[in-house]
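Visitor: Got a structure here, written out as structure tokens. Questions coming.
The values are calculated or read from the model by the stated rules, or taken from the named source; none is laboratory data. A quick note: this is a predicted structure, and the numbers were derived from the prediction, not measured. Neighbour counts are summed over all protein chains in view; Cβ atoms, including those assigned to glycine, are modelled from backbone coordinates with ideal geometry.
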């Protein structure tokens with residue numbers, strides 16, 4: 001190959017260049033189907049980018065992953081008040097939307113809610129899940145799955161039995177009730193969990209309002225499985241430090 005041929009190849013080969021358009025602007029153009037127009041104002045480009053960003057955020061939050069915070073002590077010592085965690089909404093399958101009436105600023109309005117359709121994984125005992133509270137569907141709870149459909153559960157002197165076999169977990173604690181006048185359930189059942197349902201309990205057994213009080217959770221009402229802590233803020237004024245650094249990015253088990 002002659003030197004002239006080599007020079008021609010070098011001239012034809014152009015280095016990769018940084019796009020002059022922002023990522024969201026490019027995505028916005030793809031979504032809207034519009035081609036690049038040099039005459040279009042910067043405000044319109046910015047508006048489209050913002051709209052696309054909002055739509056993408058809503059889709060991810062509704063169907064893929066969502067952040068939650070822990071407001072109560074019912075899952076101590078696994079989850080503490082002030083923990084911030086992520087829930088994987090694709091843990092078990094797909095969340096499919098359906099029409100529903102939801103509360104908006106104290107008023108019931110038509111909208112939609114998602115329902116879990118398990119596809120690639122079953123909800124299992126020991127999973128920590130976020131779900132709609134059956135008695136108030138606009139409220140989300142987080143608990144540990146203790147029994148699934150087809151299981152028979154009973155509690156005797158704080159010991160859990162699943163299908164007549166002792167179910168041991170290293171995460172359960174008994175601290176006594178912190179609520180004045182509340183009753184601690186030491187014995188429960190036996191109770192047969194219906195198909196398509198799960199029986200859930202808080203790890204802080206004596207301070208958890210769970211399936212022992214209000215019944216089972218429909219699997220379709222599960223949002224997903226909690227999988228990681230991304231932040232933890234200490235709300236105890238007497239504690240050392242506002243951030244629990246040792247809990248950051250811990251996997252949830």
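Visitor: For the range 71-83, name all the residues that are crowded, with 16+ Cβ neighbours inside 10 Å and in contact with a strand residue (DSSP E or B) (Cβ under 8 Å, 6 or more places away or on another chain).
Guide: 73, 74, 75, 76, 78, 79, 80, 82, 83
Visitor: Against the condition modelled with pLDDT of 90 or more and at positive phi, how does residue 126 come out, does it pass? Let's see the steps before the verdict.
Guide: Values: modelled with pLDDT of 90 or more: yes; at positive phi: yes.
Answer is yes for this residue.
Visitor: Next question. Among residues belonging to the range 52-70 that are within 22 Å of residue 116 (Cβ to Cβ) and modelled with pLDDT of 80 or more, point out the one that is surrounded by the fewest Cβ atoms within 10 Å (Cβ to Cβ).
Guide: 67
Visitor: Mind listing whichever residues of the range 175-189 are assigned to a loop (DSSP other than H, G, I, E, B) and modelled with pLDDT of 90 or more?
Guide: The one that is assigned to a loop (DSSP other than H, G, I, E, B) and modelled with pLDDT of 90 or more: 187.
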